[in-house]
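Take a look at the structure set out below.
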Amino acid sequence: MTMQTTTAPQAPVAPTRGRLRPLGQQEVRITGGFWGDRQTVNGRNTLAHIESRLESEGWLANFDRAAAGTLPEGRRGREFSDSEGYKYLEALAWEIGRTDDADLEARLRAVVGRVAAAQEADGYLNTQFGRAGQGARWSDLEWGHELYCLGHLFQAAVARERTRPGADDGLLRIAVRAADLVCAEFGPGGRDGICGHAEVEVGLAELSRATGEPRYLEQARLFVERHGRGTLHDIEWGRKYFQDDVPVRDATALRGHAVRANYLAAGAADVAVDTGDDELLGALRGQWDRTVARRTYITGGQGSHHQDEAFGEDWELPADRAYSETCAGVGSIMFSWRLLLADGDARHADLIERTLFNVVATSPAPDGRSFFYANTLHQRVPGIPAEPDATSPRASSSLRAPWFEVSCCPPNVARTLASLDAYVATADDDGVQLHQYAPSTVRTTLADGRVVALDVETDYPVSGRIRVISRADAAPDAPWTLTLRVPAWAAGARLRLLPTDGGATEERDLPPGAAEVRRAFREGDVVELDLPMAPRVTAPDERIDAVRGCLVIERGPEVFALESVDLGPGDVDDVAQVALAASAEPVERDGRVWVKVVARGADDGGWPYGEPGGGPPAHASVEVPLVAYHDWAERGPSTMRVWIPAG
Ligand code: FUB
Ligand code: ZN
């Protein structure tokens, strides 16, 4: 902990202390490429799509009914539907910060006005509870989601305040009034309870940072500390579903519902950092380590159980039953980002990259109007396309769907993409760190006044060449340090320094981790990073029983999959019939990754067990193209597998 934040960055997370200082939208901009394209689609299509579904489902109208005093009659949606409106507001706030779009500004103000009208005189805000004919306020902490919804409201208000400080739309005022009520109800001497779905913790902690109100941080701390004391009822999946089984500081891994677990860990990290609770922070680091080592899919996805949307036990990572909810990926990024800011450890940025490319990027269709909720790693039967106007039952859609009865994932993707600039780079007292590679600009001033201006040019992950160009002269006696993340998969990375004054080029090999270049950068100096992008074969730890004997092809940060639309036509049209050929070195050709596979006919034997090495005879090997996992299911219904049996 070396640094005190001075001015709030336009970023979702602004800890008061930490190894790294986040840089916000005013200092870092993604200017195009893989992520820039997705941000554009998000801003142009996804936000409008979300609003139109919030309207057609009646979830925004719930606020109008609350204001008119007619609830509960006509209330639509699940008990947590208010939160989707708040996540939408958060996404709008970041997108307005990014683009200054007048139409989005008007939409945000209109929705905020409807939310404001629904707030009660004492600050209470929820359309599902508290009126005649509804459950009493705070009467169902296990499932009611009242505090969860407010956590999302607080994050939306923080996004607005950080991007448009002092805006007169009233969103921050709504949040503060609700937060004051939460502190009065659940503070010292109040109700000794927690929400069955963590989220209020992370919202309160950030609202405290944004407003300077210490009571909100203290309330977040109380909620974190109350977990694990069994204040919630036991349920069929046990209290670990709510993380109410073990105190946060005593837990050794994330467990239970995967979104809840990650949101709680993120909030606990905020509390630990801002209160100087190193014991708690240490416990969270340990939980992150074990969760990543034993409970995370190769995509970065988390959650192996459909029934309770939960983590499995260590090594329980079945590909065909992967739940890997998109929201759990977002939550994992939230948790990892907070540890990265606290510690500066590149492993946290590695997981963020893996999860961004293989969970967050996988969820939305290219047009940004349909989404994966669960992200299976093995589709055994072709999915059924959802009707454009359909509302799919939660996660049961096997293809992307435009909306869900539980539609937490689409607005979660939207707010993540709209705020993504803030996850690219950070600063410390001696320089700037690049964590994610995208065409981008970085302009910031270090604590002592040294100016850093960088342009990042890259087509990553198409190639692994990243060029960082200095756009400012440092005084000769004022060097600073540029730190570049070398991902753990990037064995053989090389760095080249090309000084603008024609001085000698320096070149060196880089081990994975953080690579530093320290110098008095001159305008025009170039640092070139070359990450090896040849496709590679990855094997699982043998303790992951479900995929023992299978391999994955990866290339850079992207996981690849075999999709049936790339097989056949012929008698081999299903990924179940295919194994990697013994000499399955992947190659790259025509912009695609290819592997040799051997296929077996579809005929069954009478009994699928027998001598080791038996089974139906294999055909001659053929070469097939793979698809980046984030692009699968874009060419019609198909079967798909990420883990392919080794032949
Ligand atoms: O309970 C609110 C959200 O709905 C959760 O985060 C998701 O897993 C889904 O169940
Ligand atoms: Zn979700």
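Tabulated values for the structure
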{"read-out": "Karplus-derived HN-Hα couplings along region 15-27 (A = 6.51, B = -1.76, C = 1.60, θ = phi - 60°), whole Hz, x at Gly and Pro", "value": "x, 6, 9, x, 5, 10, 9, x, 10, x, 4, 6, 10"}
{"read-out": "Mean Cβ count within 10 Å, highest first, over the residues of peptides 176-188, 128-140, 17-29", "value": "17-29, 176-188, 128-140"}
{"read-out": "Helix-only CD estimate at 222 nm, as mean residue ellipticity for the chain, using -39500 (n - 2.57) per DSSP H run (n ≥ 4)", "value": "-9500 deg cm²/dmol"}
{"read-out": "Part-to-part distance (alpha-carbon centres) for region 473-494 and region 200-275, which is given in Å", "value": "36"}
{"read-out": "Spherically averaged projected area of region 87-149 from its Cα convex hull (nm²)", "value": "5.2"}
{"read-out": "Phi-based couplings in Hz for region 93-99 (Karplus 6.51, -1.76, 1.60; Gly and Pro marked x)", "value": "4, 5, 5, 5, x, 7, 10"}
{"read-out": "Compactness relative to 2.2 N^0.38 Å, alpha carbon Rg of region 177-317", "value": "1.04"}
{"read-out": "Rounded to whole Hz, the Karplus (6.51, -1.76, 1.60) HN-Hα couplings of region 518-524, x for glycine and proline", "value": "10, 6, 7, 4, 9, 4, x"}
{"read-out": "Sequence of Asp103, Asp477 when ordered by accessible area, the most exposed leading, probe 1.4 angstrom", "value": "Asp477, Asp103"}
{"read-out": "Over region 21-423 - Rg/Rh using Cα atoms and the Kirkwood inverse-distance radius", "value": "0.93"}
{"read-out": "Amide hydrogen neighbours beyond the local backbone of Ala310, cut-off 5 Å, H modeled", "value": "Ala258, Ser304, His305"}
{"read-out": "Extension gain from Arg215 to Ser52, taking 0.36 nm per residue of separation minus the Cα-Cα distance", "value": "55.0 nm"}
{"read-out": "Computed lengthening from Ile384 to Ala488, 0.36 nm per intervening residue step minus Cα-Cα distance", "value": "33.7 nm"}
{"read-out": "Residues whose placed amide H lies under 5 Å from that of Cys550, excluding near-sequence neighbours", "value": "Ala646"}
{"read-out": "Mean shadow area of region 536-645 over all directions, Cα convex hull, nm²", "value": "7.9"}
{"read-out": "Net length gained if the chain between Glu523 and Arg548 were fully extended (0.36 nm per residue, minus Cα distance)", "value": "3.8 nm"}
{"read-out": "Euclidean distance of C-alpha centroids, region 58-100 and region 138-168, integer Å", "value": "11"}
{"read-out": "Dimensionless Rg/Rh of region 108-188 - Kirkwood Rh, Rg from C-alpha atoms", "value": "0.98"}
{"read-out": "Sorted largest first, extent of region 455-586 alpha carbons per principal axis (Å)", "value": "68, 34, 20"}
{"read-out": "Loop-located GluC sites (Glu not before Pro) in region 499-559, at most 13 other Cβ atoms within 10 Å (DSSP)", "value": "Glu523, Glu542"}
{"read-out": "Neighbourhood charge, 11 Å Cβ-Cβ cut-off, centred on Gly524 and excluding it, Lys, Arg +1 and Asp, Glu -1", "value": "-3"}
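The values are calculated or read from the model by the stated rules, or taken from the named source; none is laboratory data. Everything numeric in this text was worked out from a predicted model, so none of it was measured. All Cβ positions, glycine included, derive from the backbone under ideal geometry; neighbour counts span all protein chains shown. Heavy atoms of the whole protein, side chains included, go into the accessibility calculation; ligands, DNA and RNA do not. Shrake-Rupley method; radii C 1.70, N 1.55, O 1.52, S 1.80 Å.
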